[in-house]
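Let me begin by presenting the structure, written as structure tokens, before commenting on it.
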Amino acid sequence: MANFQWPWQYEFPPFFTLQPNLETRKKQLAAWCDLVLAYHKHHKIFNLDVKEIQSSSLFKNAKIDRKLSIDAIYTILEELGAKGHIEWTDKTRTQCLVMWRTPEEWGNLIYRWAASNGMTNSVCTLYELTHGDDTKQEEFYGLDDWLLKRALRTLEKQRKAEVMSFGTSEGVKFF
């Protein structure tokens with residue numbers, strides 16, 4: 001896996017302090033949102049623990065000795081939530097799910113793969129989709145189960161797939 005490419009703002013000390021000017025803050029929040037999603041996408045991380053992430057390199061640049069405050073982190077997460085990119089999993093807002101693609105986008109990506117690989121009118125397990133040899137080069141390889149199931153439900157609504165249970169495992173049939 002290649003090294004993560006930090007944006008230019010990450011080396012700019014004021015980036016780590018929420019700016020009082022509304023126009024500047026709007027641009028700053030957009031840059032932070034892009035950074036959070038790009039970071040999670042690069043590392044294929046689907047869960048975020050606020051306490052853990054606060055001390056990670058995402059919100060702490062040791063090179064310039066800057067760290068984003070917990071209040072600023074929550075402001076960024078609220079912005080991401082408003083855009084549908086995170087979903088809190090607890091009432092205390094310490095854990096959330098991160099979606100750099102929407103379930104619909106993941107579903108379309110999976111369906112394009114199924115159609116281009118002759119998988120229509122055939123069944124494959126959910127494990128094969130996210131951990132199989134045929135999908136190693138696909139962006140959805142390693143996708144967390146909760147997000148895979150949401151993506152497949154969007155395909156069911158479009159009548160492009162049907163999720164099935166086989167005792168202890170699950171599969172999907174593409175149409």
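The values are calculated or read from the model by the stated rules, or taken from the named source; none is laboratory data. On a predicted model such as this, the values are computed, not experimentally measured, just so you know. Cβ atoms come from the backbone with ideal geometry, glycine included; neighbour counts cover every protein chain shown. Just the protein is used for accessible areas: all its heavy atoms, side chains included, with ligands, DNA and RNA removed. Shrake-Rupley method; radii C 1.70, N 1.55, O 1.52, S 1.80 Å.
If I go through the stretch 74-120 residue by residue, how many of them are assigned to a loop (DSSP other than H, G, I, E, B), open to solvent by 50 Å² or more (accessible area, probe 1.4 Å) and under 14 Å from Cys33 (Cα atoms)?
Qualifying residue count, the stretch 74-120: 2.
The conditions are (1) modelled with pLDDT under 95; (2) farther than 28 Å from Gly142 by Cβ, and Ile86 fails exactly one of them. Which is it?
(2) is the only condition that Ile86 fails.
Do we find a residue being of a type in the set (Ser, Thr, Tyr) and either open to solvent by less than 80 Å² (accessible area, probe 1.4 Å) or part of a loop (DSSP other than H, G, I, E, B) (or both) anywhere in the stretch 134-142?
Yes.
All but one of (1) open to solvent by less than 60 Å² (accessible area, probe 1.4 Å); (2) of a type in the set (Ser, Thr, Tyr); (3) within 30 Å of Arg159 (Cβ to Cβ) hold for Ser56, so report the exception by its number.
Just one mismatch for Ser56, condition (3).
Could you please give the count of residues in the stretch 16-68 that are over 18 Å from Cys96 (Cα atoms) and among the β-branched types (Val, Ile, Thr)?
Number of matching residues: 3.
Do we have any residue at all in the stretch 15-22 that's in contact (Cβ under 8 Å) with a residue 40 or more places away in the chain and surrounded by fewer than 14 Cβ atoms within 10 Å (Cβ to Cβ)?
Yes; the residues of the stretch 15-22 include at least one that is in contact (Cβ under 8 Å) with a residue 40 or more places away in the chain and surrounded by fewer than 14 Cβ atoms within 10 Å (Cβ to Cβ).
Before we move on, is Asp90 in contact with a Ser or Thr (Cβ under 7 Å, 6 or more places away or on another chain) and within 30 Å of Thr130 (Cβ to Cβ)?
Against the criterion (in contact with a Ser or Thr (Cβ under 7 Å, 6 or more places away or on another chain) and within 30 Å of Thr130 (Cβ to Cβ)), Asp90 does not qualify.
Check Gln158 against each of (1) under 26 Å from Ile45 (Cβ atoms); (2) at pLDDT 95 or above; (3) out of contact with any Leu (no Cβ under 9 Å at 6 or more places or on another chain); (4) of a type in the set (S, T, N, Q) and name the one condition it does not meet.
Condition (1) is where Gln158 drops out.
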